[in-house]
Amino acid sequence: MTYDEKILQTSLARYRADRQARAEAFAAKQRQIFREIPRLEEIDRELRSTMAQIVSSALRRGADPMPALRVIRDRNLELQRERAALLMQHGYEADELEEKPQCVLCRDEGFVNGVMCRCLKKYYTHAQIEELSSMLDMGSASFENFSFDWYSRMPWKDYGISPYKNMEKVYDTCRDYAMQFSPNSGNLLLFGPSGLGKTFLSACIARVVSERGFSVVYDTAGHIFSQFEKVKFRREEDEEAEQHIERCTRCDLLIVDDLGTEMTTTFVQSALYQLLNDRLMAKRPTIISTNLNPGEIGQRYSPQIRSRLEGEFEGLSFFGEDIRLKKRQKQP
């Protein structure tokens, strides 16, 4: 599993800020309790006196430190019992002054043996969905909200089945892809006219895959290729563009929207081939949506690109009446 560096840094910043806020809230509560019960502050001060200094003093005198350790242990237990009793007498829990980590697995460090803890993964997922929401309507994007009612049940000319029946198959394929996603998942090519649900289903996949902890990058083809151009043709280094290309290349799932709307120059063809080839070689799944049909893709792009799209991607055809238009017509 690959973590997007940009999303990870955002997640870590928020994680640490929340941890700091909890620490400050605990310190404020502690101060309030100390004002209310001054004896507790005295106990706390004595408990925090360093055992190491006492042991070092015993060692410097050439004495056995164990007797000193036993004295310290007994005194600490006595102080802890007194503290607990005072707290309960004043209506607090016995462990009210013990600062506890929110996550018992990593103790609020975010990692366990170098592996991201599930508590930090929640921050990562939230930050990633927030990032995706800047380009997609992630608020309503869920497979549960998908409606088949907009698709005609009448057989569609040249297709042999109705848009409704076709969309049932497309929907099942997309949902299964999202639910079963892994680094070994294949690639999808969503093609057909606009207004038929390609972007919505892409957003549904992005949400589910993100919630399962994988890194997802969604972007339009035009914007991706513009980043390649910045890196290639500008004299000064463009760190932001370089980072974006790195994100597109290395993420667990890349979703490229609106392929075919960009200016198809020789450079764009080269950049698209490089992006596809790099991800295919690394076995990193990609989803592409386009308003072009397979024939138009073959005419617009090089044989090498066409070969990869035809041979390495599962094609999902969208056809029917423009849903966005039907929705507008239905509005009063």
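Taking the condition of being among the basic types (Lys, Arg) and under 18 Å from the mean Cα position of the chain (by Cα), how many residues in the range 4-42 meet it?
We begin by selecting, within the range 4-42, every residue among the basic types (Lys, Arg); these are 6, 14, 16, 19, 22, 29, 31, 35, 39.
Next, only the ones that are under 18 Å from the mean Cα position of the chain (by Cα) stay: 6, 14, 16.
Counting residues in the range 4-42 that are among the basic types (Lys, Arg) and under 18 Å from the mean Cα position of the chain (by Cα) gives 3.
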#### Entry: Among residues of the range 71-128, those that are touching a residue at least 12 places away in the same chain (Cβ under 8 Å) and among the hydrophobic types (A, V, I, L, M, F, W, C), counted
13
### Query
Which of the residues belonging to the range 242-298 are among the hydrophobic types (A, V, I, L, M, F, W, C) and closer than 18 Å to GLN128 by Cα?
ILE245, CYS248, CYS251, LEU253, LEU254, ILE255, VAL256, ILE287
### Any hit, the range 201-218, residues being closer than 20 Å to LEU12 by Cβ, under 19 Å from the mean Cα position of the chain (by Cα), crowded, with 21+ Cβ neighbours inside 10 Å and hydroxyl-bearing (Ser, Thr, Tyr)
yes
#### Entry: Search result, residues across the range 195-236 that are touching a Phe, Trp or Tyr at 6+ places or on another chain (Cβ under 9 Å), more than 19 Å from TYR3 (Cα to Cα) and among the polar types (S, T, N, Q)
SER202
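Quick check on the range 141-162. Is at least one of its residues among the hydrophobic types (A, V, I, L, M, F, W, C), buried (at least 16 other Cβ atoms within 10 Å of the Cβ), assigned to a loop (DSSP other than H, G, I, E, B) and without any contact (Cβ under 8 Å) to a residue 24 or more places away in the chain? Lay out the reasoning, then the answer.
Residues of the range 141-162 among the hydrophobic types (A, V, I, L, M, F, W, C): 141, 143, 146, 148, 150, 154, 156, 161.
Now narrow it down to the ones that are buried (at least 16 other Cβ atoms within 10 Å of the Cβ): 141, 143, 146, 150, 156.
From what is left, the residues that are assigned to a loop (DSSP other than H, G, I, E, B) are 141, 146, 150, 156.
Cutting the leftovers down to without any contact (Cβ under 8 Å) to a residue 24 or more places away in the chain gives us none.
No, the range 141-162 contains no residue that is among the hydrophobic types (A, V, I, L, M, F, W, C), buried (at least 16 other Cβ atoms within 10 Å of the Cβ), assigned to a loop (DSSP other than H, G, I, E, B) and without any contact (Cβ under 8 Å) to a residue 24 or more places away in the chain.
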#### Entry: Members of the range 277-316 that are farther than 30 Å from LYS165 by Cα, exposed (fewer than 13 other Cβ atoms within 10 Å of the Cβ) and among the small types (Gly, Ala, Ser)
ALA282
### Query
Does GLU130 fit the bill of being modelled with pLDDT under 90 and farther than 30 Å from GLN32 by Cβ?
yes
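The values are calculated or read from the model by the stated rules, or taken from the named source; none is laboratory data. Computed from a predicted model, the values in this text were never measured in an experiment. Because the Cβ atoms are built from the backbone with ideal geometry, glycine has one as well, and the counts that use them run over all protein chains shown.
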